[in-house]
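Notes follow once the structure below has been shown.
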Amino acid sequence: MGTLDIDFVRAQFPAFSEPSLQGQAFFENAGGSYTCKPVLDRLTRYYTQRKVQPYGPYDASRLAGEEMDEARARMAAILGVNTDELSFGPSTTQNTYVLAQAFRQWMQPGDAVVVTNQDHEANSGPWRRLAEDGVEIREWQIDPETGSLNPQDLENLLDEKVRLVCFPHCSNVIGEINPVTEITAIAHAAGAFVCVDGVSYAPHGFPNVGNLGSDIYLFSAYKTYGPHQGCMVIRRTLGELLPNQAHYFNGDSLYKRFTPAGPDHAQIAASAGMADYVDLLCDHHNGPQGDTTERGSFVHDLMREQEVALLQPVLDAVKDRNAVRLIGTSDATRRAPTVALALKRNAEAVAADLVEHGIMAGGGDFYAVRPLQAMGVDLEQGVLRVSFTHYTSQQEIDQLLGALDAVL
């Protein structure tokens with residue numbers, strides 16, 4: 001595999017040529033990425049040429065529906081799943097809430113759900129509320145020093161009562177990449193379904209969900225260079241088992257069963273731009289031809305290789321610094337480039353200081369209250385989070401390291 005052409009990559013993102021953003025390095029990508037040009041082009045075209053009710057007989061309507069179908073088909077292929085196993089909803093938080101209501105109807109008092117204290121609250125809170133209906137909630141706890149989840153600890157929580165295991169592909173503050181395939185196999189062996197929150201992982205390369213084996217996989221398109229939509233894979237076996245949450249006459253359509261809100265036509269259509277972007281990167285870097293899933297995997301690996309190379313110097317620069325606690329592993333190969341630092345100063349104030357050095361970052365708890373509490377972080381101080389993706393340049397990394405030296 002060749003090296004990522006960073007100049008080509010950045011040329012696909014209008015933000016990098018936007019005058020108002022010049023001189024500022026964006027390190028809050030975990031909160032939402034820049035949007036690529038193919039998505040913006042599709043969104044503009046839809047709003048100017050297709051802003052009608054889709055799936056009608058006239059051209060504007062027919063093309064509107066075809067673009068929505070294209071987005072679902074192409075993104076599902078990249079993810080390695082069937083087209084109707086991918087749904088779009090208003091957000092990942094909303095999608096998870098709807099799924100929890102389906103499980104609420106399906107499960108019986110005394111059944112159990114396993115959640116972690118490593119998750120963003122969106123993949124924890126809705127499941128924990130099932131306790132109101134007599135569902136037992138079992139918490140798979142992280143190591144308070146490292147933030148890691150030990151699969152052996154999960155095995156000790158499983159028995160015939162467990163119906164669902166929920167965990168993140170990686171945490172939005174700890175960053176360590178969990179072994180999804182291994183964990184899924186453990187849960188399946190105990191007869192449980194698996195829900196994986198991929199929001200903090202997918203920006204670093206779309207995963208092959210088919211190979212991972214999870215029954216549910218969720219991520220947010222606005223963090224994967226796309227529009228503000230939640231993307232939700234539900235494999236057919238589980239999707240057809242759970243009660244329909246949409247209009248009764250949509251119950252026979254797998255991709256409609258768990259999206260009770262009316263679809264955002266334009267944003268769904270624009271999501272095909274994420275597939276366009278994958279194709280652009282694949283072809284520019286002489287990737288494989290033909291199989292869409294294989295092309296997606298090639299781009300995934302290209303992104304990860306770039307990120308690991310840029311991340312390790314950042315981790316090395318902060319891991320042994322006085323008055324700074326790096327949350328999670330210092331091995332770049334084992335984590336996403338989402339770096340949370342516990343400081344002796346208020347993290348939001350430090351983020352404000354970084355602005356003077358052209359660094360856009362954030363401070364706070366990032367809705368990851370449970371893992372930060374478990375690791376003994378003072379929530380009033382919060383953590384400073386610097387996060388990036390494959391489109392970040394070496395120059396921006398150098399700018400970040402200089403800024404951290406100045407403010408820490």
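Annotation note: of Thr333, Thr292, the sole residue that is under 30 Å from Ser61 (Cα atoms) and either out of contact with any strand residue (DSSP E or B) (no Cβ under 7 Å at 6 or more places or on another chain) or of a type in the set (A, V, I, L, M, F, W, C) (or both) is Thr292. Residues in segment 299-336 that are out of contact with any Gly (no Cβ under 7 Å at 6 or more places or on another chain) and either on the phi > 0 side of the Ramachandran plot or assigned to a strand (DSSP E or B) (or both): Ala323, Val324, Arg325, Leu326. Pro263 passes every criterion in (1) assigned to a loop (DSSP other than H, G, I, E, B); (2) touching a Cys at 6+ places or on another chain (Cβ under 8 Å) apart from (2).
Would it be correct to say that Val278 is aliphatic (A, V, I, L, M), out of contact with any Lys or Arg (no Cβ under 8 Å at 6 or more places or on another chain) and either under 27 Å from Val180 (Cβ atoms) or surrounded by 17 or more Cβ atoms within 10 Å (Cβ to Cβ) (or both)? Criteria not met by Val278. The condition of being among the hydrophobic types (A, V, I, L, M, F, W, C) and open to solvent by 20 Å² or more (accessible area, probe 1.4 Å) holds for only one of Ala368, Ala361, that being Ala361.
The criterion of being of a type in the set (Phe, Trp, Tyr), touching a Ser or Thr at 6+ places or on another chain (Cβ under 8 Å) and either more than 16 Å from Thr259 (Cβ to Cβ) or open to solvent by 20 Å² or more (accessible area, probe 1.4 Å) (or both) does not hold for Tyr248. Six or more apart or on different chains, Cβ under 6 Å: which pairs go from a residue in segment 261-288 that's within 13 Å of Gly89 (Cα to Cα) to one that's crowded, with 17+ Cβ neighbours inside 10 Å and among the hydroxyl-bearing types (Ser, Thr, Tyr)? Could you list them? Matching pairs, first to second residue: Ala266/Tyr46; Ala269/Tyr46. Checking each residue in segment 188-213 for being without any contact (Cβ under 8 Å) to a residue 40 or more places away in the chain, closer than 15 Å to Cys166 by Cα and open to solvent by less than 10 Å² (accessible area, probe 1.4 Å) picks out Val194, Val196, Gly198. Restricting attention to segment 381-408, which residues are assigned to a loop (DSSP other than H, G, I, E, B) and hydrophobic (A, V, I, L, M, F, W, C)? If the condition is that a residue be assigned to a loop (DSSP other than H, G, I, E, B) and hydrophobic (A, V, I, L, M, F, W, C), then Phe388, Leu408 are the ones that fit. For segment 104-160, filtering for residues that are in contact (Cβ under 8 Å) with a residue 60 or more places away in the chain and open to solvent by 50 Å² or more (accessible area, probe 1.4 Å) leaves 7. Residue pairs whose Cβ atoms lie under 7 Å apart, separated by 6 or more positions or on different chains, with the first residue in segment 16-45 and in contact (Cβ under 8 Å) with a residue 12 or more places away in the chain and the second hydroxyl-bearing (Ser, Thr, Tyr) and part of a helix (DSSP H, G or I), are Gly32/Tyr222; Cys36/Tyr277; Pro38/Tyr277. Taking the condition free of Cβ contacts under 8 Å to residues at least 12 places away in the same chain, assigned to a helix (DSSP H, G or I) and open to solvent by 10 Å² or more (accessible area, probe 1.4 Å), does Asp353 pass? No: the conditions fail for Asp353. Segment 151-258 holds strands (runs of 3 or more DSSP E) entirely within its bounds, and those carrying 3 or more residues that are within 24 Å of Ala270 (Cα to Cα) map to 216-220, 230-234.
For segment 1-40, how many residues are outside any loop (DSSP other than H, G, I, E, B) and of a type outside the set (D, E, K, R)? Selection size over segment 1-40: 19.
In this structure, does Val339 turn out to be under 19 Å from Val81 (Cα atoms) and outside any loop (DSSP other than H, G, I, E, B)?
no
Screening Gly273, Gly239 for residues that are surrounded by 17 or more Cβ atoms within 10 Å (Cβ to Cβ), of a type in the set (Gly, Ala, Ser) and not assigned by the TED database to the domain that holds Pro203 leaves exactly one candidate, Gly273.
The values are calculated or read from the model by the stated rules, or taken from the named source; none is laboratory data. Quick caveat: nothing in here was measured; it's all calculated off a predicted structure. Heads up, the Cβs are rebuilt from the backbone with ideal geometry, glycines too, and the neighbour counts pull from every protein chain shown. With ligands, DNA and RNA removed, areas are computed over all heavy atoms of the protein, side chains included. Shrake-Rupley method; radii C 1.70, N 1.55, O 1.52, S 1.80 Å.
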